[in-house]
Structure formats: C-alpha cells, structure tokens
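Input: a single structure, listed below in structure tokens.
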Amino acid sequence: MDHIEADIVYRVLRGIASEGEEQKVAAWWRKYPQECRDLVKELHAVIDAAELSMADVRLSDSVSEKVSGSASERAGRHRISIFRRIASGAAAAAAIVLLVAGAMVFSRNMAYDEMSSRMVSVEAPKGERLRITLPDGTSVFLNSGSCLTYPSVFRRDSRAVSLEGEALFDVMKDEDRPFSVTTFSSEIRVLGTEFDVVADRESGIFETILVEGSTVVRNLIDPSQGEITMLPEDRIQMKNGHLYKDRVEDARESLIWTEGLIGIGDKSFDDLMSEFEKAFDVNIVITGTTVPDISDVSGKIRMSDGIENALRILQHAADFRWRFNRETNTVVIY
C-alpha cells in the first residue's frame, strides 16, 4: 500500500488525472488489485466532502481565469484542474493527501456516529425463542415475548443494550468496552461473561443469575443502594425496589428455558401463568377467588408438548380446573 499515492488515485476518480498518472494507477492496479479496490472504495465515500472543502479554492481560481489571459489560454487552464496545478509542488501534493485523508477520517467518524445512534429492536414472538449475534460477537438467546434493543454499531468506549423480558447473554470479552444491560429497574455491567436476566416491567420482576465471569449490578429505582458485585452462582432479585443477593445451587438450572423447558418451582401461580402466556402464546384468565398454591411444587414442563399438557401436569399438584377456547386462544382457570 506504500507504493500507491492516494492523491493520484483521487484525481483519476475525479477524471482530472494526466495520461501518465492514469498509466501509473493502472500499473498499481495490476500489482496491488485488492489494495487499490479498498482505496477506491474509501475515496468514493469522500469525494463529496473533498469537493466541499475545495469549493472556495476552485471559485477563486475561476475568478482569476476570467480576469487574465486570452480565451484560448482560459480554455487550456480550464482543462487543468486546481488539483493538478497544486500537485506541481511537493508541499501542495502533501496538502492534497492531507485533505483527502482528513475527509476520509471525517466521513468515517460521521458514519460511525450515525450508525452507533441507530437503534435496532428485536422481539421474540410469543411461543418462540430467538438467538441473536450482536455487532461485537456477543451471543444473546431471547426467551419468548422478550425484546432486546441495541445499536447497529457499538460505541468505541462502551457496549450498551436494553432488555424487556428474559435473555441469556454470552458476552464477548473486550476490556476496553464494558458491556451493559439496562432494564426497567437495574443496570448490569460486565466485561466478558455469561448470565441470565429476567426483567418484566409489568409484573415488577427483576432477577439475574451469573453463570460465569463477574458482573456489577446497579439499582436504577433506588440509586442510593450501592453497586453489587456478582460471582458465579450468585443471584440478585428485586423486592420492593431493593436489590437482594443470594446463592443458587446450580446457575445452569436457570437456563432450562433455552432447552425448551419451563421450571415450575419457586414461583407463584400468577407468575407461572404469565410465563405460560408467553411460552405458549395464549391468553390466560383466572376467574377463581382462590389462587392455587404451588409453593411446594417443583418440576419441568416441555414447551413443545403444548399448553393443555402443561395444565394437566400442573393439575396433579394444584387444585384448579380449566377450559381452553381454541377460537379465542384463551384459557380460563377456575
């Protein structure tokens, strides 16, 4: 690439190069085809920027031509662009390279800033799960009914996403750009790790379990609460606006949803029904005055077996009845 002069390639692209310069670029192209293609691609992006930067120079030159010389001389000078005349001196040639390089950097920065402010939202439909690869290579597994929002290009100093619902993150390590997940109630910061997050604004549920690595969790509802550092097997839950940390026996148990399973332990009946709604894409209405008690129930239900099978299994451990209206896709529990 050191053999290719950007200002000469630039003049060829603008159609203002001499025959000798065109032959020189052709020789470069034969010898360094890929380098030339890369340079041409970059120069195309900055031609407009360079034109704007040189507009006042061309205007002054045009006025000068009109007040001096014969018509034939003016015509001759008109065919020789301002770039070619400046390039006659080594210092001026260097100035052109700086102009082009500066325009290229400016163009890249503008494009980078624009892309990093352009947000993408991906939502997993109810009854489905999605696996996403973020721009930095981080893998995200979205549970049904969950939504992830992230920039099309991460910033140079950070990688920030927001989550509504549940997701498993396997974060690509990058010490220069910490990764953060913002939910309705908390922010989780990591460098490179694997963790599960549940954030349901409607029900007020927030929970995160660390599988590998280390994270720092910050309470957005009560900023006065200090940051909490997590180690593997740690779990943080929000209760009444406060974050509490405890330990779990096996962090991988929180990831059974990635295998198409629903755990029915350590949940209220209402919370489990909300999970059923998302997993099976149904509406569930509870009409009974007494909510079934499933505090002592544990086990797993396979999503692929369907909502009716899930309710039949649950009926063995809890006292309730149900009916399913397929036309309205509604389950009534009574």
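For the reader, a short list of remarks on this structure follows.
Let's see how each residue does on (1) under 21 Å from Val248 (Cα atoms); (2) modelled with pLDDT of 90 or more; (3) among the hydroxyl-bearing types (Ser, Thr, Tyr):
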residue	(1), (2), (3)
Asp266	yes, no, no
Phe269	no, yes, no
Ile284	no, yes, no
Gly288	no, no, no
Glu308	no, yes, no
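- Applying the set (1) basic (Lys, Arg); (2) surrounded by fewer than 16 Cβ atoms within 10 Å (Cβ to Cβ); (3) under 22 Å from Ser203 (Cα atoms); (4) in contact with a helix residue (DSSP H, G or I) (Cβ under 9 Å, 6 or more places away or on another chain) to Arg235 leaves exactly one unmet item: (2).
- In segment 225-298, counting only strands (runs of 3 or more DSSP E) that sit wholly within it, the ones holding 1 or more residues that are farther than 23 Å from Arg189 by Cβ and over 28 Å from the mean Cα position of the chain (by Cα) span 261-263, 283-286.
- Of everything listed in (1) crowded, with 19+ Cβ neighbours inside 10 Å; (2) on the phi > 0 side of the Ramachandran plot, the single unmet condition for Thr215 is (2).
- Count of residues meeting criterion [outside any strand (DSSP E or B) and modelled with pLDDT of 95 or more] in segment 185-205: 1
- Filter result (out of contact with any Lys or Arg (no Cβ under 7 Å at 6 or more places or on another chain) and more than 15 Å from Ser298 (Cα to Cα)) within segment 258-272: Thr258, Glu259, Asp270
- You will find that of Thr208, Thr182, the residue that is buried (at least 20 other Cβ atoms within 10 Å of the Cβ), of a type in the set (Ser, Thr, Tyr) and modelled with pLDDT of 95 or more is Thr208 and no other.
- Enumeration of residues in segment 162-179 that are assigned to a strand (DSSP E or B) and surrounded by 21 or more Cβ atoms within 10 Å (Cβ to Cβ): Leu163, Glu166, Ala167, Leu168, Phe169, Phe179
- Flag for Val331 being touching a strand residue (DSSP E or B) at 6+ places or on another chain (Cβ under 9 Å) and either acidic (Asp, Glu) or more than 28 Å from Arg189 (Cα to Cα) (or both): yes
- Residue check, Val153 touching a residue at least 12 places away in the same chain (Cβ under 8 Å), part of a strand (DSSP E or B) and under 14 Å from the mean Cα position of the chain (by Cα): no
- Residue count for segment 201-213, restricted to those that are more than 13 Å from Ile236 (Cβ to Cβ) and out of contact with any Gly (no Cβ under 7 Å at 6 or more places or on another chain): 6
- So Arg201, is it under 25 Å from the mean Cα position of the chain (by Cα) and in the same structural domain as Ala124 (by TED's automatic domain parsing): yes
- Taken over segment 295-325, the residue count meeting the criterion of being farther than 17 Å from Asp281 by Cα and of a type outside the set (Asp, Glu) is 14.
The values are calculated or read from the model by the stated rules, or taken from the named source; none is laboratory data. Quick caveat, the model's predicted, so the values are computed rather than measured. Here the Cβ is made from the backbone with ideal geometry for all residues, glycine too, and neighbour counts use every protein chain on show.
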